[in-house]
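What follows is one structure encoded as structure tokens, with my remarks underneath.
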Amino acid sequence: MDAIKQNTGMAVNGRKRAMGLLARASAAELQAGWQAIEPKPEVHPVRGPETGLVMVRGRVGGGGDPFNLGEATVSRATVRLASGEIGHGQLLGNDREKARLAAIFDALQQRPEHRAAVDHLIDAVESRIEAEDRKHAEQTAATRVDFFTMVRGDN
Amino acid sequence: MYVAVKGGEAAIANAHQLLADRRRGDRSLPAISIDQIVAQLGLAVDRVMAEASLYDRELAALAVRQARGDMIEAIFILRAYRTTLPRFGMSVPVDTAKMKIERRISATYKDLPGGQLLGPTFDYTHRLLDPSLLTDEPVAEPLRRRADESSMMRVSDILAGEGLIEGDGQMPEDHVPGDLTREPLEFPLNRDLRLQALARGDEGFLLALAYSTQRGYARTHPFVGEVRIGEVEVELDIPELGFAVSLGPIQVTECQMVNQFQGSTKNPPQFTRGYGLVFGQSERKAMAMSLVDRALRAEEFGEDIVAPAQDEEFVISHSDNVQATGFVEHLKLPHYVDFQAELDLVRRMRAEHDARNGIEKNDTIRDAAE
């Protein structure tokens, strides 16, 4: 029972990570990933792709109770493969085609034969984001203030 | 008798065509692209996103271009657009403690964990016009230094360790966050609703109110505990999946304003806080918001309400620049009938006044308006 729970937990974490990275993939990355999928599966739209709003919440004082900060545009899509797997794609912005492709990859990563191709795409997106984040963090670190104290002589 | 007057369709159509021409300007110059506006006029884009209350850099840049750089017009256009979209849901509250920091400063602690990171700031520049920007000279790559991996502790948590600062804002149990886009405002407001209104409030208006508190109209003894700018993840619960997934990052600016408080019968002497959180990079707005947030909590702390910045109904009713511009600018629309009525009234009163005072009637300019 615990083993099943753990497996489900890992599967959830894996899918959550994949969906988060698909949301941050560029249109070019998603297109290239789609080109790499052979043979192309039959994909049926279930919902969307459509653009709407998500109310972004903050917390009073930074860590208190939630308040409504303002909305963000979000595009989302749900697709079904001919083999039955359902995929969801959702990401910030107006790009509905990106949402549709993200949904397809979410469905494909549930198929063993496409798993490796989807993982390849996701890992590539992850290393790109990590490199960008590191670059930004290092550029910010160069603007850190190093205080020095003028010690007055005590003689 | 009421006579409906029509007309102006051709004039309006031609005016809009003229507007499109003037917006495009000199055709011998290349048109400015949306990408260029996002990349090179980023803070204008951020202000439009913040005050339109819609995070979308591309659409905000489009609005800036369409409005010829008129910020309030751009905000108006983006606000109008958001009403055309369905709402998918509410995000999980963003966690600013996990922010990917681009700038972080504190005026209260010199050596705080994580350090003082200046980031891309205008501070300490000399505010001299830079002629090198007249031409497209190459710009040097920023320097790099090994980054500290540890997370940046919030300054409020440092003071909280000593018990000398009030906690983060807690609402009563079972409180559902208010949403002014769904429910009309009813005063008095809870703090969560005030923060929503302030987050979309006009930067200039909030700046002026914040300034007024510093000049003595509701003194709040403020210190910038911390300003941080950076990216936070937006997560949304997906009911079909039963867990929350990330939709991507947004950039926000957060300000923790720390204020001295003498204590009252209800509360011990301690530091109190004002909070500011704004879309994009907008330090001035976040700081002004936190000062006004604190001023508006006067009643909570048993302080006398003596200044405009403490008057919730005054501040929140006038902070929205789309509402404000709508009501002010509507005055230029035809009021011919209203004015005729007033003109008749004033004439009658004047005639009575003149008759009482034995002044002779003078009607040389009369009927000019008719």
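Values in this text are rule-based calculations from the coordinates and carry no lab data. Fair warning: this is a prediction, and the values are worked out from it, not measured in the lab. Positions of Cβ are generated from backbone atoms using ideal geometry, with glycine treated the same way; all protein chains shown enter the neighbour counts.
So what is the relative contact order for region A:2-141, in percent, with contacts set as C-alpha pairs under 8 Å and at least six apart?
RCO, region A:2-141: 23 percent.
Given Cβ point charges of +1 (Lys, Arg) and -1 (Asp, Glu) and nothing else, what value in debye, to the nearest 20, does the dipole of region B:320-360 about its Cα centre take?
Numbers: 5 positive and 8 negative charges, 24 e Å.
The dipole of region B:320-360 has a size of about 120 debye.
Collect residues whose amide H, placed 1.01 Å from N in the peptide plane, falls under 5 Å from the amide H of B:Glu235; neighbours closer than 5 in sequence don't count.
For B:Glu235, the qualifying residues are B:Val92, B:Leu247.
As a test of the formula, what do you get for chain B when each DSSP H run with n ≥ 4 contributes -39,500 (n - 2.57) and the sum is divided by the residue count, at 222 nm and rounded to the nearest 500 deg cm²/dmol?
Details: 12 runs with 134 residues, N = 370.
Mean residue ellipticity at 222 nm (helix-derived): -11000 deg cm²/dmol.
What is region B:1-107 by shape, rounded, prolate or oblate, if you read a ≥ b ≥ c off the alpha carbon gyration tensor as root eigenvalues and call it rounded for a/c under 1.5, prolate for a/b larger than b/c, and oblate otherwise? Walk me through the intermediate numbers first.
On the way: a/c = 3.00, a/b = 1.62, b/c = 1.86.
Here region B:1-107 falls in the oblate category.
Give the angle, between 0 and 90 degrees and rounded to the nearest 10, that separates the Cα long axis of helix B:9-24 from the longest principal axis of the Cα atoms of chain B.
40 degrees
Estimate the FRET efficiency between B:Asp26 and B:His175 by the formula 1/(1 + (r/R0)^6), using the beta-carbon distance for r and 60 Å for R0, to the nearest 0.05.
Details: r = 55 Å, r/R0 = 0.92.
Efficiency, from the Cβ-Cβ distance: 0.60.
Taking Cα atoms, how many degrees apart are the long axis of helix B:203-214 and the longest axis of chain B, rounded to 10 and kept between 0 and 90?
So the helix axis and the longest Cα principal axis differ by about 70 degrees.
Under a straight-distance cross-link criterion of Cα-Cα below 23 Å, which lysines are reachable from A:Lys16, leaving out those fewer than 8 residues away in the same chain?
Filter leaves A:Lys5, A:Lys98, B:Lys98, B:Lys100.
R0 = 60 Å: FRET efficiency of B:Leu333 with A:Val151, Cβ-based, nearest 0.05?
Values: r = 70 Å, r/R0 = 1.16.
Taking R0 as 60 Å, the efficiency between B:Leu333 and A:Val151 is 0.30.
Rounded to a whole number of µm²/s, how large is the Stokes-Einstein D of region A:17-88 at 25 °C and 0.890 mPa s, given Rh as the Kirkwood radius over C-alpha pairs?
Details: Rh = 15.0 Å.
Result for D is 164 µm²/s.
Can you compute 3J(HN,Hα) from phi for each residue in region B:33-48, using the Karplus curve 6.51 cos²θ - 1.76 cosθ + 1.60 with θ = phi - 60°, rounded to whole Hz and x for Gly and Pro?
With the stated coefficients, region B:33-48 comes to 9, 4, 4, 5, 5, 4, 7, 10, 10, x, 6, 5, 4, 4, 5, 5 Hz.
Please give the FRET efficiency for A:Ala28 paired with B:His353, using the beta carbon to beta carbon distance and R0 = 45 Å, rounded to the nearest 0.05.
On the way: r = 78 Å, r/R0 = 1.73.
Working from the Cβ atoms, E equals 0.05.
Exposed loop trypsin sites (Lys or Arg not before Pro) only (DSSP loop, at most 12 other Cβ atoms within 10 Å): please give the longest stretch of chain B free of them, not including the sites. Don't skip to the answer; put the middle values down first.
Values: sites that count: B:Lys6, B:Arg27, B:Lys110, B:Arg127, B:Arg146, B:Arg182, B:Arg215, B:Lys266, B:Lys361, B:Arg366.
In chain B, the maximal stretch lacking such sites is B:267-360.
Take the alpha-carbon centre of region B:1-78, take the same for region B:134-188, and report the distance between them in whole Å.
31 Å
Roughly how tilted is helix B:57-66, in degrees to the nearest 10 and between 0 and 90, from the longest Cα axis of chain B?
Between helix and principal axis, roughly 30 degrees.
Please tell me the relative contact order of region B:146-244 in percent, rounded to the nearest whole number, where contacts are Cα pairs under 8 Å and at least six residues apart. Please report the intermediate quantities before stating the final value.
Details: 29 pairs, mean separation 18.4, N = 99.
Value for region B:146-244: 19 percent.
Taking only C-alpha pairs under 8 Å that are 6+ residues apart, what is the relative contact order of chain B in percent? Write out the running numbers ahead of the final one.
Details: 481 pairs, mean separation 60.4, N = 370.
Relative contact order here is 16 percent.
Just to be sure I follow the definition: excluding the sites themselves, where is the longest run in chain A that has none of the chymotrypsin sites (Phe, Trp or Tyr not before Pro) in a DSSP loop with at most 10 other Cβ atoms within 10 Å?
On the way: sites that count: A:Phe147, A:Phe148.
Between exposed loop sites, the widest span is A:1-146.
Any chance you could check the Cα centroid distance between region B:250-279 and region B:286-354 for me, in angstrom?
28 Å
Hey, rough spin-label estimate for A:Arg17 and B:Ser151, points 7 angstrom out along Cα→Cβ, what's it come to in nanometres?
1.8 nm
Return A:Ser26, B:Ser132, B:Ser53, B:Ser28 ranked ascending by Cβ neighbour count within 10 Å, so the fewest neighbours appear first. Provide the component values of the computation, followed by the final result.
Details: A:Ser26 12, B:Ser132 9, B:Ser53 27, B:Ser28 5.
Ascending number of Cβ neighbours within 10 Å: B:Ser28, B:Ser132, A:Ser26, B:Ser53.
Quick one: 3J(HN,Hα) in Hz for region B:68-80, Karplus 6.51/-1.76/1.60 with θ = phi - 60°, rounded, Gly and Pro as x.
6, x, 6, 4, 5, 4, 5, 4, 4, 4, 5, 4, 5
Measure off 7 Å from each Cα along the Cα-to-Cβ vector at B:Asp304 and A:Ile86, then give the distance between these two points in nanometres to one decimal.
Output for this residue pair reads 6.3 nm.
Using amide H atoms built in the peptide plane, which far-off residues or other-chain residues are under 5 Å from B:Tyr55 H to H?
A:Glu71, A:Ala72, A:Thr73
Per residue of region B:187-198, what does 6.51 cos²θ - 1.76 cosθ + 1.60 with θ = phi - 60° give for ³J(HN,Hα)? Whole Hz please, x for Gly and Pro, Karplus curve as stated.
7, x, 9, 7, 4, 4, 6, 4, 5, 4, 5, 5
In Å³ and rounded to a whole number, note down the convex hull volume per residue for the Cα atoms of region A:2-141. Before the final figure, lay out the partial values.
On the way: hull volume 23.1 nm³, N = 140.
Output value, Cα hull per residue: 165 Å³.
Take A:Arg96, A:Arg76 and order them by how many other Cβ atoms sit within 10 Å, fewest up front.
With the fewest neighbours first, A:Arg96, A:Arg76 line up as A:Arg96, A:Arg76.
What list do you get for B:Thr135, B:Thr121, B:Thr84 if you sort them by fewest beta carbons within 10 Å?
On the way: B:Thr135 6, B:Thr121 15, B:Thr84 9.
Fewest-to-most ranking of B:Thr135, B:Thr121, B:Thr84: B:Thr135, B:Thr84, B:Thr121.
Scanning chain B for chymotrypsin sites (Phe, Trp or Tyr not before Pro) in DSSP loops with at most 10 other Cβ atoms within 10 Å, what's the longest stretch left with none? The partial results should precede the final answer.
Values: sites that count: B:Tyr2, B:Phe122, B:Tyr124.
It works out to B:125-370.
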